[in-house]
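In what follows, a structure is listed as structure tokens, so that the remarks can point back to it.
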Amino acid sequence: MAFNFKKNKTNELIQLDMERIPKHVAVIMDGNGRWAKKRHLPRIAGHKTGMDTVKTVTMAASDLGIKVLTLYAFSTENWKRPETEVNYLMSLPGTFFDKFVPELIEKNVKVNVMGYIDQLPNETKIAVQNAVEDTKDNTGMVLNFALNYGGRAEIVTAIKNIATDTSNGKLSVEEITDKTIDQYLMTSNLAPYNDPELLIRTSGEERISNFLLWQIAYSELVFTDTLWPDFSEDALKDAILNYQKRDRRFGGIKE
Ligand code: V0D
């Protein structure tokens, strides 16, 4: 009853335990450029299709009962890409807002953004703010975009703010714990789902590439060769099944 049966690529019956769906899933959406190259299309065609995948996966994640879906949309390193590609990427939040936000509202999905938003072009910033504002009263899944985000920069900012509050007397050195760090990171507003139980990276690379660092201390990491534009509801279920097959012991001893 609590199982969601489906068949995998080799047609074996597999079962997802609906009682053990990860509450927070994070995804490094890699492989848009490679997807386009295989089709002799420009890289931006891959990003365009990749955005449709964002919608598909958001709807599937919401249906599965995931509470937070964090998507790495743009890293602090991505500014080094060709200007035309960066410009196109910066237009995507606007397109996303026009095309998908009405459906997200229908689905009760709340958009959240983490990263250095101030540094984005004005129109991008406005599109992002509109997406957040128009979904702020939604009580369902949080769709959390990491945009102009870097894991080390996030930690540097947190340390600076902790140091400031410590010298202000707002915080004493003795009371600093890992809870304090949680509160100073950009994931603080996702509480109690700050940390993803599952991190997925598409497109075959097996690295973290400065995505969430502190927050993935205990995450299960699932790497798939599927390119992001080809990722699907079934691919998400496969990744969750992979997660469910593993032991999660937090350094303790198995019963
Ligand atoms: C390109 C594939 C949605 C990966 C997905 C600015 C890279 C499509 C957004 C988005 C991007 C971000 C914030 C927001 C609403 C939408 C997005 C970027 C790239 C970089 F409030 N997709 N998407 N942002 N891609």
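The values are calculated or read from the model by the stated rules, or taken from the named source; none is laboratory data. All figures in this text were calculated on a predicted structure; none of them were measured in a lab. Backbone-built Cβ (ideal geometry, glycine too); neighbour counts: all protein chains shown. Note: areas computed on protein heavy atoms with side chains; ligands, DNA, RNA excluded. Shrake-Rupley method; radii C 1.70, N 1.55, O 1.52, S 1.80 Å.
What to note about this one:
- Along its first, second and third principal axes, ordered by size, the chain spans 61, 55, 35 Å in Cα coordinates.
- Other-chain or far-sequence residues with amide H under 5 Å of MET29's (modelled H): TYR72
- Build a GNM of the chain with springs between Cα atoms under 10 Å apart, and of SER167, SER232, SER209 the one that fluctuates most is SER167.
- Relative contact order (%) - criterion: Cα under 8 Å, at least six apart; region: the stretch 71-197: 29
- The convex hull around the C-alpha trace of the stretch 1-150, projected and averaged over every direction, spans 10.4 square nanometres.
- Note on the stretch 116-238: the C-alpha convex hull projects to 9.9 nm² when averaged across all orientations.
- Phi angles across the stretch 77-93 convert, under the Karplus curve 6.51 cos²θ - 1.76 cosθ + 1.60 with θ = phi - 60°, into 3J(HN,Hα) values of 8, 5, 5, 6, 6, x, 4, 5, 5, 4, 4, 5, 4, 5, 8, 5, x Hz, Gly and Pro given as x.
- The helix-only estimate of mean residue ellipticity at 222 nm for the chain, built from DSSP H runs of length n ≥ 4 each weighted as -39500 (n - 2.57), is -13500 deg cm²/dmol after division by the residue total.
- Amide proton proximity set for LEU198, modelled H, under 5 Å, gap of 5+: HIS24, ALA26, GLU220
- Relative contact order (percent, whole number), the chain, Cα cutoff 8 Å, 6+ residue spacing: 26
- Cut-off 18 Å (backbone N to label point 7 Å along Cα→Cβ of ALA217), residues of the stretch 181-201: 181-199
- Distance between the C-alpha centres of the stretch 71-99 and the stretch 108-152: 13 Å, rounded to the whole angstrom.
- Using the empirical formula 2.2 N^0.38 Å as the baseline, the Cα radius of gyration of the stretch 120-176 reaches a ratio of 1.60.
- Amide H partners (placed H, <5 Å) of PHE145, local residues excluded: LEU71, ASN112, VAL113, MET114
- For the stretch 170-255: accessible area per residue (Å², 1.4 Å): 56
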